[in-house]
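Input: a single structure, listed below in structure tokens.
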């Protein structure tokens, strides 16, 4: 992907991300907040290291499916808890899966 195409995708994804704001997740009973920290996580991993351009593109292209997955998921499909020595706290990973899109494809949001 050309640099200009990547920047256009990033700009479009950022605009979409900002427009979401907060959405209610019925299966968890909480509001999911889409803020600058979350967008940062699309580009960098939990340790603050830059993701590869290929992985960034992959995540940004799937972003339009995140809201339907969060809203339509029937419940968590996986749950993991681990202690981070770097941040000195427990980190909880939760994934939701739902069938979305024109072809009703299973998509997982972590």
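What follows draws every value from the coordinates through simple rules; no lab data is involved. Model, not experiment: these values are computed from the prediction. FYI the Cβ positions are ideal-geometry reconstructions off the backbone, even for glycines, and counts take in every protein chain you see.
Rounded to whole Å, give me the distance from the Cα center of segment 19-44 to that of segment 64-110.
11 Å
Per DSSP H run of at least 4 residues, take -39500 (n - 2.57); add these up for the chain, divide by its residues and hand me the 222 nm value, nearest 500 deg cm²/dmol. Mind showing how you got there, number by number?
Numbers: 4 runs with 43 residues, N = 110.
The helix-only estimate for the chain comes to -11500 deg cm²/dmol at 222 nm.
Just 65, 28, 47 to compare: in a GNM of the chain, with alpha carbon springs under 10 Å, which one fluctuates most?
Sorting by GNM fluctuation, first place goes to 47.
Go through (1) 12.5, 35; (2) 12.6, 39; (3) 14.8, 43 and flag the label whose value is the computed Rg and Dmax of the Cα atoms in Å for this structure.
Computed from these coordinates, Rg and Dmax of the Cα atoms in Å corresponds to label (3).
Looking only at 72, 35, 45, which one moves most when the chain is put into a Gaussian network model with springs between Cα atoms under 10 Å?
Of 72, 35, 45, the Gaussian network model singles out 45 as fluctuating most.
When a/c reaches 1.5 or more, the comparison of a/b and b/c decides; with that in mind, is segment 1-51 rounded, prolate or oblate per its Cα gyration tensor? Spell out each step's value before the answer.
Values: a/c = 3.17, a/b = 1.64, b/c = 1.93.
Oblate, since a/c reaches 1.5 and b/c is not below a/b.
Compute the length gained on full extension between residue 45 and residue 65: take 0.36 nm times their separation in residues and subtract their Cα-Cα distance, giving the result in nm to one decimal. All intermediate terms of the calculation are to be shown ahead of the outcome.
Working: separation 20, 0.36 × 20 = 7.20 nm, distance 2.03 nm.
Net length gain for the segment: 5.2 nm.
Please identify which residues in segment 38-77 have an amide N closer than 13 Å to a label point set 7 Å out from the Cα of residue 7, following the Cα→Cβ vector.
Flagged as within label range: none.
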